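Peer 1: Can you read through this structure? Questions will come right after.
The values are calculated or read from the model by the stated rules, or taken from the named source; none is laboratory data. Small disclaimer: the values here were computed from a predicted structure and weren't measured. Ideal geometry is used to build each Cβ from the backbone, glycine not excepted, and the neighbour counts take in all protein chains shown.
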Amino acid sequence: MEHKIPQLPYNKNALAPYVSSETLEYHYEKHHRAYVAKLNALIQGTDFEAMNLIDIILSSSGPIFNNAAQHWNHTFFWGCLRPPNGAGPSQKFVELLRGNFGGLEEFKTQFGEAALANFGSGWTWLVQNENGSLEILNTSNADNPLRHEQHPLLTLDVWEHAYYIDYRNSRPNFVNAFWQLANWEFVEANLSRKQPKWARMPGQTEQRSSTRLPH
Ligand code: FE2
């Protein structure tokens, strides 16, 4: 079963000036594409070849896990971005953030602090726990909330390859720019998925061998 890279849900120049087309040229076309190619090569002739991406993530380790999870993480990350349009979250979601973090600005501050504290390469997530509460979570390298039975709503890629072209070594500037691109509609749609939420790709209605982004 061959895994395929999903189409970006926007043009490569649509996130400028916050994320440049050059960054997407490297991040999507080279980094993400390489994870998918490596995954396909690694699973050839193994039991993983017949599994869908989520099952591989939940049952593998080492290079197969790393490439499978990076494929999923990046697919999810592209969905978390949209061209800058100034739109914020709905009032209902702001209320939810208020209950969990004190408010929208407080959430952004806490999420940003976590992203800056995430040492080395990794991902910063907003996740929903089984009891419905929201939590900010840092993972390292390819690790993701699916492995921890937590349901991801939002993620920020804090690997240096995500921002080095546009912001050099300034992760804080990248984190600030991220809020101009956050796709709150995507985040809120993730919230309403049926349980077990963590076991599906956003927009996925059945088991499939490749992933796609919601539109
Ligand atoms: Fe990345």
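Peer 1: How many residues are within 15 Å of the ligand (Cβ to nearest atom) and surrounded by 18 or more Cβ atoms within 10 Å (Cβ to Cβ) when one looks only at region 131-142?
Peer 2: 2
Peer 1: Kindly indicate whether Phe93 is more than 24 Å from Leu53 (Cβ to Cβ) and either in contact (Cβ under 8 Å) with a residue 40 or more places away in the chain or touching a helix residue (DSSP H, G or I) at 6+ places or on another chain (Cβ under 7 Å) (or both). Spell out the reasoning first.
Peer 2: Working: more than 24 Å from Leu53 (Cβ to Cβ): yes; either in contact (Cβ under 8 Å) with a residue 40 or more places away in the chain or touching a helix residue (DSSP H, G or I) at 6+ places or on another chain (Cβ under 7 Å) (or both): yes.
It is true that Phe93 is more than 24 Å from Leu53 (Cβ to Cβ) and either in contact (Cβ under 8 Å) with a residue 40 or more places away in the chain or touching a helix residue (DSSP H, G or I) at 6+ places or on another chain (Cβ under 7 Å) (or both).
Peer 1: Being of a type in the set (Phe, Trp, Tyr) and out of contact with any Ser or Thr (no Cβ under 8 Å at 6 or more places or on another chain) narrows it down to one residue among Phe65, Phe76; which is it? Reasoning before the result, please.
Peer 2: Working: Phe76 fails: out of contact with any Ser or Thr (no Cβ under 8 Å at 6 or more places or on another chain).
Going through Phe65, Phe76 in turn, just one is of a type in the set (Phe, Trp, Tyr) and out of contact with any Ser or Thr (no Cβ under 8 Å at 6 or more places or on another chain): Phe65.
Peer 1: Within region 151-173, how many residues turn out to be crowded, with 16+ Cβ neighbours inside 10 Å, over 13 Å from the mean Cα position of the chain (by Cα) and under 26 Å from Arg98 (Cβ atoms)?
Peer 2: Residues meeting the conditions: 0.
Peer 1: Are any residues in region 80-93 touching a strand residue (DSSP E or B) at 6+ places or on another chain (Cβ under 9 Å) and buried (at least 17 other Cβ atoms within 10 Å of the Cβ), and if so, which ones?
Peer 2: Of everything in region 80-93, those that are touching a strand residue (DSSP E or B) at 6+ places or on another chain (Cβ under 9 Å) and buried (at least 17 other Cβ atoms within 10 Å of the Cβ) turn out to be Cys80, Leu81, Arg82, Pro89.
Peer 1: Same structure again: Identify the single condition in (1) touching a strand residue (DSSP E or B) at 6+ places or on another chain (Cβ under 6 Å); (2) more than 21 Å from Tyr26 (Cα to Cα) that Phe178 does not satisfy, given that it satisfies every other one.
Peer 2: (2)
Peer 1: Taking region 155-176 on its own, how many of its residues are within 15 Å of the ligand (Cβ to nearest atom), within 16 Å of Gly112 (Cα to Cα), outside any loop (DSSP other than H, G, I, E, B) and not aromatic (Phe, Trp, Tyr)? Outline the logic, then answer.
Peer 2: The first filter runs over region 155-176 and keeps only residues within 15 Å of the ligand (Cβ to nearest atom), leaving 155-167, 171, 174-175.
Checking the rest, the ones that are also within 16 Å of Gly112 (Cα to Cα) come to 155-160, 162-163, 167, 171, 174-175.
Now restrict to residues that are outside any loop (DSSP other than H, G, I, E, B): 155-157, 160, 162, 167, 171, 174-175.
Within this subset, residues satisfying the condition of being not aromatic (Phe, Trp, Tyr) are 155-157, 160, 162, 171, 175.
So the count comes out to 7.
Peer 1: Continuing with this model, one more query. So, of the residues in region 67-115 that are among the charged types (D, E, K, R) and within 19 Å of the chain's Cα centre (by Cα), which turns out to be nearest to Ile56 (Cα to Cα)?
Peer 2: Initial filter on region 67-115 (among the charged types (D, E, K, R)): 82, 92, 95, 98, 105-106, 108, 113.
Checking which are within 19 Å of the chain's Cα centre (by Cα) leaves us with 82, 108, 113.
On the way: Arg82: 28, Lys108: 32, Glu113: 31 Å.
Only one residue tops the list, namely Arg82.
Peer 1: Show the residue pairs that are 6+ apart or on different chains and have beta-carbon atoms under 6 Å apart, the first residue being within region 15-38 and closer than 18 Å to Ser170 by Cα and more than 14 Å from the ligand (Cβ to nearest atom), the second being assigned to a helix (DSSP H, G or I) and of a type in the set (Val, Ile, Thr).
Peer 2: Going by the 6 Å Cβ cut-off, the qualifying pairs are Glu22/Ile165.
Peer 1: Continuing with the same structure: Determine whether Phe93 is of a type outside the set (Lys, Arg) and closer than 15 Å to Asp157 by Cα.
Peer 2: Values: of a type outside the set (Lys, Arg): yes; closer than 15 Å to Asp157 by Cα: no.
Against the criterion (of a type outside the set (Lys, Arg) and closer than 15 Å to Asp157 by Cα), Phe93 does not qualify.
Peer 1: Additional query: Does region 179-201 contain any residue that is within 23 Å of Asn67 (Cα to Cα), among the aliphatic types (A, V, I, L, M) and modelled with pLDDT of 95 or more?
Peer 2: no
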